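Here the structure comes first, spelled out in structure tokens, and everything after it is commentary.
The values are calculated or read from the model by the stated rules, or taken from the named source; none is laboratory data. The structure displayed is predicted, hence computed values, not measured ones. Counting neighbours? That spans all protein chains shown, and the Cβs are built from the backbone with ideal geometry, glycine included. The protein model used for the area step is the full one, side chains on, heavy atoms only, and it has no ligands, DNA or RNA in it. Shrake-Rupley method; radii C 1.70, N 1.55, O 1.52, S 1.80 Å.
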Amino acid sequence: MFSRAEFERRIARARGVMMSAGADLLLVDSGELLAWLTGYTVSETMYRAAFLPREGDAWFTLRALDEAPCREKSWITDIVGFADTEEAQAAVAASICDRGFAGVRIGLDTNSYSMSAQTFMRLKTLLPQAAFVPMPGLSDSLRWVKSQEEIAILKQASLIADKAMLEIARHARLGMTTRDAAAIASNVFLREGADTGEVGPVVKACGNHEFLHGAFKTEEIEEGDILHVELIPRVGNYGARIMRPIIVGAPPAALSASADRLVELQDRQIAAMKPGTIARDVDAIMRQGALGSGLRPSYDNVTAYTLGLYTRTPRTSDFSSVFLPTSDWALEEGMVFHLYATALGLGFSETVVVSNDGGLRLTQCPRHILHT
């Protein structure tokens with residue numbers, strides 16, 4: 001999916017961070033960073049890791065059952081497969097020793113969901129001469145800025161999201177169920193090339209933002225209901241996201257006016273998303289604007305979070321970079337965010353990439369209440 005030059009860029013970036021941290025060997029075990037750095041990722045049914053030395057060839061140690069697909073997907077040729085009867089951590093440690101790295105400084109992401117306390121303690125026991133260098137958050141921060149090749153994949157996912165949203169709106173009718181709507185989106189995803197048919201939250205909207213994580217269940221759409229649809233298609237594990245409200249029939253004028261105000265505030269956020277802009281200032285446009293307009297009595301949730309790779313992970317959203325009043329970091333060109341706003345049962349969101357001219361929307365679905 002990606003060129004060798006793209007992987008060389010990633011390798012150089014990782015080695016630059018290793019040099020700054022004084023690490024001789026980088027241990028990679030989070031699903032997303034494995035995919036980003038090696039081209040292959042797999043669930044942690046059994047512990048597995050890839051290794052990148054500051055000098056020399058990388059290698060991958062994983063369950064023997066996963067060895068063949070790893071060879072097919074990854075640029076790495078040194079792949080060690082261990083039997084299910086072996087202890088995974090011991091096999092990983094043995095591969096380190098076999099390559100002469102038993103006594104070096106090993107960098108690892110202490111925030112990685114794969115680096116459990118038990119795994120860390122076991123590796124320390126198995127590698128008594130090694131020094132472990134904490135590199136917390138590395139699995140996320142290396143991937144914050146997207147390349148043009150990555151953005152091209154996100155554009156594909158965004159196009160699928162747009163098509164699926166419009167298809168749901170086209171079929172919306174009274175008596176339709178949330179399950180019907182999800183099935184329409186799932187069909188579009190699979191037909192148009194998404195990795196899976198996993199749709200995202202499709203629920204009846206209520207309150208200001210409480211519906212965002214509503215439990216999926218079969219509910220009929222009745223007169224006056226707002227169908228909240230969030231779509232999360234992935235292509236090559238790169239996920240785009242979009243939210244729209246859908247109503248059967250013409251929406252009330254007051255609700256349309258509120259939707260227009262939300263979109264107006266979001267447009268101002270998008271325009272402000274330039275390199276060097278402080279994230280809290282972009283957040284304030286929506287947060288203060290919605291509160292000042294009386295759209296919400298309070299605004300406690302984030303207004304944007306990082307988009308990119310989504311593999312088999314405990315988290316469904318990447319909150320390593322978010323827009324909050326406390327977000328005092330600067331945006332960089334090529335960062336991609338899920339920018340979202342909710343109020344009065346309405347939810348609008350976009351997949352947005354930071355550019356020198358302001359944010360660029362990768363999702364292009366019409367930005368109003370969709371209705372039949």
Pairs where the first residue, in the stretch 11-24, is touching a residue at least 12 places away in the same chain (Cβ under 8 Å) and farther than 10 Å from Arg54 by Cα and the second is open to solvent by less than 60 Å² (accessible area, probe 1.4 Å) and not in a helix (DSSP H, G or I), C-beta under 6 Å, 6+ apart: Ala21/Gly107; Ala21/Val133; Ala21/Met135
Residue count for the stretch 25-55, restricted to those that are without any contact (Cβ under 8 Å) to a residue 40 or more places away in the chain and more than 19 Å from Gly236 (Cβ to Cβ): 3
Residue match in the stretch 266-287 (condition: open to solvent by 10 Å² or more (accessible area, probe 1.4 Å), within 28 Å of Glu222 (Cα to Cα) and either among the aliphatic types (A, V, I, L, M) or modelled with pLDDT of 95 or more (or both)): no
Selection count where residues are assigned to a loop (DSSP other than H, G, I, E, B) and surrounded by fewer than 20 Cβ atoms within 10 Å (Cβ to Cβ), scope the stretch 102-114: 6
Matching residues in the stretch 49-68 - criterion: being surrounded by fewer than 16 Cβ atoms within 10 Å (Cβ to Cβ) and either β-branched (Val, Ile, Thr) or part of a loop (DSSP other than H, G, I, E, B) (or both): Glu55, Gly56, Asp57
Residue among Val203, Val188 that alone is open to solvent by less than 60 Å² (accessible area, probe 1.4 Å), of a type in the set (A, V, I, L, M), without any contact (Cβ under 8 Å) to a residue 60 or more places away in the chain and within 23 Å of Ala343 (Cβ to Cβ): Val203
Tally of residues being under 22 Å from Met19 (Cα atoms) and either of a type in the set (Phe, Trp, Tyr) or without any contact (Cβ under 8 Å) to a residue 60 or more places away in the chain (or both) across the stretch 125-156: 8
Contacts under 9 angstrom Cβ, first residue in the stretch 312-331 being part of a loop (DSSP other than H, G, I, E, B), partner crowded, with 18+ Cβ neighbours inside 10 Å and aromatic (Phe, Trp, Tyr), 6 or more apart: Thr316/Tyr310; Ser317/Tyr305; Ser317/Tyr310; Phe323/Tyr305; Phe323/Phe337; Leu331/Phe337
Residue in the stretch 306-317 that is touching a Lys or Arg at 6+ places or on another chain (Cβ under 9 Å), open to solvent by less than 10 Å² (accessible area, probe 1.4 Å) and at positive phi present: yes
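For every residue, the table says whether it meets (1) farther than 22 Å from Thr61 by Cβ; (2) open to solvent by less than 50 Å² (accessible area, probe 1.4 Å); (3) touching a helix residue (DSSP H, G or I) at 6+ places or on another chain (Cβ under 6 Å).
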site: Glu8; (1), (2), (3): yes, no, no
site: Gly31; (1), (2), (3): no, yes, no
site: Ala35; (1), (2), (3): no, yes, no
site: Glu44; (1), (2), (3): no, no, no
Failed condition for Pro233, given (1) open to solvent by less than 10 Å² (accessible area, probe 1.4 Å); (2) more than 22 Å from the chain's Cα centre (by Cα); (3) over 15 Å from Leu295 (Cα atoms): (2)
